[in-house]
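This report concerns only the one structure given below.
The values are calculated or read from the model by the stated rules, or taken from the named source; none is laboratory data. Note that the structure is a prediction, hence the values are computed from the model and not measured. No Cβ is skipped: glycine too gets one built from the backbone with ideal geometry, and neighbour counts run over all protein chains shown. The accessibility values were calculated without ligands, DNA or RNA, using every heavy atom of the protein model including side chains. Shrake-Rupley method; radii C 1.70, N 1.55, O 1.52, S 1.80 Å.
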Amino acid sequence: AGAVMRSLNCRPDSSVLIAGAGSVGLAAVMGAVIQGCTTIIAVEPHESRRNLALILGATHVIAPAAGPLAEQVRGIVPSGVDYAIDTSGVPAVIESLIASMTFHGKLGLIGVPADPTASVPLNIISSLSMGITITGIIEGDSVPDEFIPQLVELYKAGRFPLDKLVTTFPFAKINDAIDAQYRGEVLKPVLVQD
């Protein structure tokens, strides 16, 4: 949520593309709703997570296997999106996000690549002429003492349904929790004492 609400400070009536509908990406979807974004697109390979993104306020969802990401996004927003957030850390995904953006678009990078030497090819002329801003995001650029109480108030008001991301498991079922998360069936498994 901090990426959308703080780092990029997405403006009302804008469009945002979020790559990855895990807990971070879905928090970004909820943040985009709070910010008043009118087009919220979530890209996610797991159907259950795409469905949850729609429940949480995404206006569109995209399955990566359905075709080139930039083509799918421009089918929704022909001029490209104003903001994009990557939670995947996958260079090919980041490259597709850049190709999905409009003039003066802002891209926020959250995902950590599996390969610490990973890089993204960047066409300098194209980036200059588009005026795209790319920023790394750490913890939503938020001051926890200020932002957490704001999120709690939003949760209490029903505007930040964080509980939809959590699935509880008895501590004895820790392996089941890990397996369910790996299969994409749950987002945030939380272990509780029996």
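Once you sort the root eigenvalues of the Cα gyration tensor of the range 101-194 as a ≥ b ≥ c, which label holds: rounded (a/c under 1.5), prolate (a/b larger than b/c) or oblate (the other case)? Please report the intermediate quantities before stating the final value.
Values: a/c = 2.99, a/b = 1.64, b/c = 1.83.
Oblate is the answer for the range 101-194, as a/c is 1.5 or above yet b/c matches or exceeds a/b.
Just A42, A92, A28 to compare: in a GNM of the chain, with alpha carbon springs under 10 Å, which one fluctuates most?
Answer for the Gaussian network model of the chain: A92.
Find the accessible area per residue for the chain; the probe is 1.4 Å, ligands and nucleic acids are left out, and the unit is Å². Intermediate results must be reported in sequence, preceding the final value.
Numbers: 10260 Å² over 194 residues.
Counting only protein heavy atoms, the per-residue value for the chain is 53 Å².
Quick one: helix 47-56 against the long Cα principal axis of the chain, what's the angle to the nearest 10°, folded into 0 to 90?
90 degrees
Output ³J(HN,Hα) for the range 92-105: one whole-Hz value per residue in order, computed from phi by the Karplus curve 6.51 cos²θ - 1.76 cosθ + 1.60 with θ = phi - 60°, and x for Gly and Pro.
Per-residue couplings from phi come out as 5, 5, 4, 4, 5, 5, 4, 5, 9, 9, 8, 4, 6, x Hz.
Can you tell me the relative contact order of the chain? Whole percent, Cα pairs under 8 Å, sequence separation 6 or more.
Numbers: 364 pairs, mean separation 37.6, N = 194.
Computed over the chain, the figure is 19 percent.
Once Rh for the range 48-131 is found with the Kirkwood sum over Cα pairs, what is the Stokes-Einstein diffusion coefficient at 25 °C and 0.890 mPa s, in µm²/s? Write down the numbers at each step before the final one.
Values: Rh = 13.8 Å.
The diffusion coefficient I find is 178 µm²/s.
Could you name the lysines in cross-link range of K188, using Cα to Cα under 18 Å and dropping any fewer than eight places away on the same chain?
Cα-Cα hits under 18 Å: K164, K173.
Which stretch or stretches of the range 24-54 have amide N atoms under 20 Å from the point lying 7 Å from E185's Cα along the Cα→Cβ direction?
Output list for this probe position: 45-53.
On the accessible surface of the chain, probed at 1.4 Å, how many percent belong to carbon and sulfur atoms? Write down the numbers at each step before the final one.
Details: 5880 of 10260 Å².
For the chain, the apolar C and S fraction of the accessible surface comes to 57 percent.
Which peptide among 12-18, 119-125, 100-106 comes first, and what is the full order, when sorted by highest mean count of other Cβ atoms within 10 Å?
Values: 12-18: 22.4, 119-125: 10.1, 100-106: 19.7.
Highest to lowest by the protection proxy: 12-18, 100-106, 119-125.
Give the aspartates and glutamates whose C-alpha is closer than 12 Å to that of K106, dropping any in the same chain fewer than 8 places away, or say none.
Cα-Cα hits under 12 Å: D82, D86.
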